[in-house]
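The values are calculated or read from the model by the stated rules, or taken from the named source; none is laboratory data. Only a predicted model underlies this, so the values are computations on that prediction, with no experimental measurement involved. We place every Cβ from the backbone using ideal geometry, glycine too, and count neighbours over all the protein chains shown.
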Amino acid sequence: MQNTNRHPHGLYFLCMTEFWERFGFYVIQSLFILYIIAKFNFSDAESYNLLGAFTALVYITPVIGGYIADNIIGYRQSILFGGILLCIGYASLTVNSLTVFYIALAIIIVGNGFFKPNITGLLGRLYPKDHPVIRDAGFTIFFMGINLGGFAAGITAGLLKKYVGWDSSFYAASLGLIISLITFAIGLKNYRAASSPPTLLTYKNKLIQFLHFKTVVILIALALVYPIMLLLRYEALDNLIFLIITVGLAFYIIWRGLALESKQRWQLYASFFVILLATFYWMFDFQIFFSVNLFVKRIIDRTVFGWQAPAAFYIGMAPLFIVLCGFITGKLWYFLDKHNMNPSPIFKLGCSITFASLAFVSLIIGTRVAGFGHHVNMIWVFVCYICLAFAELFLSPISLAMITKFVPRNMVGMMIGAWFVYTGGIAGQFAGKLADISAIPQHVTKLATMQHIYVHAFSIYALIALGFAVLVFILTPVISKLF
């Protein structure tokens with residue numbers, strides 16, 4: 001019998017599986033807005049809209065993937081199929097065609113829906129619910145794997161693009177998914193039972209089971225790729241469908257909760273409310289790939305000993321700071337828990353949004369210290385990323401662990417999917433709209449003019465974040481009582 005005070009062996013295989021999957025995804029994410037501006041001559045506003053739609057859809061499809069894994073094909077087959085689609089999608093980005101680019105994005109979106117929620121849900125099944133400290137620590141380790149993958153992606157993508165070209169970065173992302181799938185397969189013995197299909201659909205005839213799996217996932221994938229491509233192309237249609245899905249999901253969760261006993265029902269509703277609050281943090285965090293990414297490219301002095309670092313290189317620094325700061329927060333949670341002082345997840349959520357506000361304040365200060373018309377020292381970007389690192393560490397691993405603990409077992413995949421819909425989907429859409437404030441018109445070329453636009457935008461971001469943080473702190477005592 002496994003010692004419940006130690007991490008399950010499957011944690012380390014899942015951690016490396018996620019490392020390589022995130023490596024592939026963040027290669028694409030770090031280059032996305034830079035690529036479409038350089039390759040297809042998109043304006044800032046057009047780039048923000050497309051990246052916002054992509055970000056929203058890439059986090060909405062996990063609801064479908066989570067539901068299918070929970071009720072039809074299980075975690076294992078969902079993860080494998082999703083990884084294959086991601087590999088194909090990343091490689092397809094090398095085709096120099098805007099139409100193929102949209103198709104590739106649609107394939108990536110569908111693949112992410114099958115992969116992303118189910119590896120997190122699978123990890124939750126490996127831990128007993130009555131050991132919250134070791135469970136939280138396990139999710140923090142998993143979270144570190146995600147960010148190490150992001151660090152490696154930013155460094156690799158920037159260097160490959162600078163010295164080899166765009167296509168080499170996309171092939172590297174595809175290779176990362178191949179390594180991810182191999183890692184998952186090697187560790188399968190450690191989570192075979194937890195990742196198996198629901199008992200109802202486990203057939204004695206393996207051929208029938210295999211054909212059933214192939215039929216379901218292929219039909220769903222084919223049915224989703226084309227409409228998703230249309231949503232990426234047409235913003236109004238995307239906004240309408242997005243609204244229907246998010247509101248419909250909220251009502252569905254409420255309806256499912258009515259069938260539960262009182263304690264479980266309110267824990268489910270409280271978990272969902274935490275998801276809604278976390279959404280407001282993520283629309284600020286996503287600015288790393290939106291407005292802050294272009295701010296780094298245009299405003300920051302990126303020269304190091306005579307060598308100019310690519311903009312994507314700096315995006316890789318953000319997850320590195322998360323890893324480094326993770327050791328600090330890990331010790332902090334252990335110390336506070338030992339002395340019965342560990343604050344509630346809701347209070348930590350308020351702290352995370354406060355850190356997000358400080359991140360944009362640091363960029364404003366850096367710009368004013370440098371003076372308008374002068375490039376800003378890169379140290380201020382690092383200060384911004386450190387603030388966002390603490391913000392994310394106060395939020396994501398703790399919240400995901402809480403969801404897998406308090407949500408009924410047969411709803412974990414769906415609720416993790418809901419987490420990605422709201423904290424990724426809604427936040428992604430809002431991030432695109434928020435980034436529009438910082439859009440630089442194509443005719444503007446003066447550094448000082450661009451700096452004034454960015455300072456104005458970042459001031460608005462900081463004030464909005466601070467307002468939401470105050471709201472969360474006010475609501476903390478009420479929501480915490482439900483857990």
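Here's the yes/no breakdown for (1) modelled with pLDDT of 85 or more; (2) among the basic types (Lys, Arg):
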| residue | (1), (2) |
| --- | --- |
| 129 | no, yes |
| 141 | no, no |
| 161 | yes, yes |
| 171 | yes, no |
| 180 | yes, no |
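Between 430, 420, which is under 21 Å from the mean Cα position of the chain (by Cα) and farther than 21 Å from residue 291 by Cβ? If you could, list the steps in order and put the result at the bottom.
Numbers: 430 fails: farther than 21 Å from residue 291 by Cβ.
Going through 430, 420 in turn, the sole match is 420.
Please find, among 347, 394, 382, 406, the residue that is crowded, with 24+ Cβ neighbours inside 10 Å and under 26 Å from the mean Cα position of the chain (by Cα).
Details: 347 fails: crowded, with 24+ Cβ neighbours inside 10 Å; 382 fails: crowded, with 24+ Cβ neighbours inside 10 Å; 406 fails: crowded, with 24+ Cβ neighbours inside 10 Å.
Answer to the check: 394.
Return a yes/no flag: does region 5-27 have any residue that is modelled with pLDDT under 90, over 22 Å from residue 148 (Cα atoms) and not aromatic (Phe, Trp, Tyr).
Within region 5-27, one or more residues are modelled with pLDDT under 90, over 22 Å from residue 148 (Cα atoms) and not aromatic (Phe, Trp, Tyr).
Here is a list of conditions, (1) aromatic (Phe, Trp, Tyr); (2) more than 24 Å from residue 274 (Cβ to Cβ); (3) at pLDDT 95 or above, and residue 355 meets all of them except one; can you say which number that is?
(2)
Just the residues that are of a type in the set (A, V, I, L, M, F, W, C), outside any helix (DSSP H, G or I) and in contact with a strand residue (DSSP E or B) (Cβ under 8 Å, 6 or more places away or on another chain), please, taken from region 346-401.
Filtering region 346-401 for residues of a type in the set (A, V, I, L, M, F, W, C) gives 346-347, 349, 351, 353, 355-356, 358-361, 363-365, 369-370, 372, 376, 378-384, 386-391, 393-395, 398, 400-401.
Now drop any that are not outside any helix (DSSP H, G or I), which leaves 372, 376, 378, 394-395.
Once the filter is applied, which keeps residues that are of a type in the set (A, V, I, L, M, F, W, C), outside any helix (DSSP H, G or I) and in contact with a strand residue (DSSP E or B) (Cβ under 8 Å, 6 or more places away or on another chain), region 346-401 yields 376, 378.
More than 30 Å from residue 166 (Cα to Cα), β-branched (Val, Ile, Thr) and surrounded by fewer than 23 Cβ atoms within 10 Å (Cβ to Cβ): is that true of residue 329 in this structure? Talk me through it step by step, then tell me what you get.
Values: more than 30 Å from residue 166 (Cα to Cα): yes; β-branched (Val, Ile, Thr): yes; surrounded by fewer than 23 Cβ atoms within 10 Å (Cβ to Cβ): yes.
Answer is yes for this residue.
What is the one condition in (1) in a helix (DSSP H, G or I); (2) over 30 Å from residue 263 (Cβ atoms); (3) touching a residue at least 60 places away in the same chain (Cβ under 8 Å) that residue 440 does not satisfy?
Among (1) in a helix (DSSP H, G or I); (2) over 30 Å from residue 263 (Cβ atoms); (3) touching a residue at least 60 places away in the same chain (Cβ under 8 Å), residue 440 violates only (1).
Looking at the structure I just gave you, is residue 43 at negative phi, in contact (Cβ under 8 Å) with a residue 12 or more places away in the chain and surrounded by 19 or more Cβ atoms within 10 Å (Cβ to Cβ)? Break it down stepwise before answering.
On the way: at negative phi: yes; in contact (Cβ under 8 Å) with a residue 12 or more places away in the chain: yes; surrounded by 19 or more Cβ atoms within 10 Å (Cβ to Cβ): no.
Considered against the rule, which asks whether it is at negative phi, in contact (Cβ under 8 Å) with a residue 12 or more places away in the chain and surrounded by 19 or more Cβ atoms within 10 Å (Cβ to Cβ), residue 43 comes out as no.
Tell me, yes or no, whether region 103-113 has at least one residue that is closer than 27 Å to residue 331 by Cβ and either in contact with a helix residue (DSSP H, G or I) (Cβ under 8 Å, 6 or more places away or on another chain) or modelled with pLDDT of 80 or more (or both).
Step one: list which residues in region 103-113 are closer than 27 Å to residue 331 by Cβ, which gives none.
For region 103-113, residues closer than 27 Å to residue 331 by Cβ and either in contact with a helix residue (DSSP H, G or I) (Cβ under 8 Å, 6 or more places away or on another chain) or modelled with pLDDT of 80 or more (or both): absent.
Out of all the residues in region 358-378, is one or more modelled with pLDDT of 85 or more and more than 29 Å from residue 296 (Cβ to Cβ)? Before you say what the answer is, go through the steps one by one.
Step one: list which residues in region 358-378 are modelled with pLDDT of 85 or more, which gives 358-378.
Of the ones still in play, those that are also more than 29 Å from residue 296 (Cβ to Cβ) are none.
No, because not a single residue in region 358-378 is modelled with pLDDT of 85 or more and more than 29 Å from residue 296 (Cβ to Cβ).
Test residue 331 against the criterion of being touching a Leu at 6+ places or on another chain (Cβ under 9 Å) and of a type in the set (D, E, K, R), and give yes or no. Write out each step before concluding.
Working: touching a Leu at 6+ places or on another chain (Cβ under 9 Å): no; of a type in the set (D, E, K, R): yes.
Criteria not met by residue 331.
Among the numbered criteria (1) touching an Asp or Glu at 6+ places or on another chain (Cβ under 8 Å); (2) modelled with pLDDT of 80 or more; (3) of a type outside the set (Phe, Trp, Tyr), which one does residue 133 miss?
Checking residue 133 against (1) touching an Asp or Glu at 6+ places or on another chain (Cβ under 8 Å); (2) modelled with pLDDT of 80 or more; (3) of a type outside the set (Phe, Trp, Tyr), the one that fails is (2).
Looking only at region 249-265, which residues are within 23 Å of residue 53 (Cβ to Cβ) and either in contact (Cβ under 8 Å) with a residue 60 or more places away in the chain or surrounded by fewer than 11 Cβ atoms within 10 Å (Cβ to Cβ) (or both)?
249
Applying the selection to region 130-183, what residues are among the basic types (Lys, Arg) and crowded, with 20+ Cβ neighbours inside 10 Å?
Of the residues in region 130-183, the ones among the basic types (Lys, Arg) are 135, 161-162.
Matches in region 130-183: 135, 161.
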